[in-house]
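To start, the structure itself, in structure tokens.
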Amino acid sequence: MAEKKETPQDRYHRAHTTSVTIRFMNNTEGDILKKLSSVPNKAGYIKSLIRADMAK
């Protein structure tokens, strides 16, 4: 099978971004999942919470 050709976007993401993954337990962290599903921009919401915590 042929390998996937690397795109300029792939190179940019590898050089300039980091991906972080979080898993939530449906039965014990449902409140968090409900809140996250209610915000239009999950990444922006999480980043703003982290920045607010850092500013303390």
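The values are calculated or read from the model by the stated rules, or taken from the named source; none is laboratory data. Note that the coordinates shown come from a computational prediction; the quantities given were computed from them, not determined experimentally. Heads up: the accessible areas ignore ligands, DNA and RNA and are worked out on the full protein's heavy atoms, side chains in. Shrake-Rupley method; radii C 1.70, N 1.55, O 1.52, S 1.80 Å.
Table for the structure above
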| quantity | calculated |
| --- | --- |
| Selection from segment 16-35 of residues that are open to solvent by less than 100 Å² (accessible area, probe 1.4 Å), of a type in the set (D, E, K, R) and not in a loop (DSSP other than H, G, I, E, B) | 35 |
| Search result, residues across segment 36-49 that are open to solvent by 80 Å² or more (accessible area, probe 1.4 Å) and outside any helix (DSSP H, G or I) | 40, 41 |
| Test for residue 54: is it among the hydrophobic types (A, V, I, L, M, F, W, C), part of a helix (DSSP H, G or I) and open to solvent by 100 Å² or more (accessible area, probe 1.4 Å) | yes |
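Residue by residue, here is whether (1) within 13 Å of the chain's Cα centre (by Cα); (2) not acidic (Asp, Glu) holds:
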{"position": "3", "(1), (2)": "no, no"}
{"position": "6", "(1), (2)": "no, no"}
{"position": "12", "(1), (2)": "no, yes"}
{"position": "19", "(1), (2)": "yes, yes"}
{"position": "27", "(1), (2)": "no, yes"}
{"position": "32", "(1), (2)": "no, yes"}
{"position": "45", "(1), (2)": "yes, yes"}
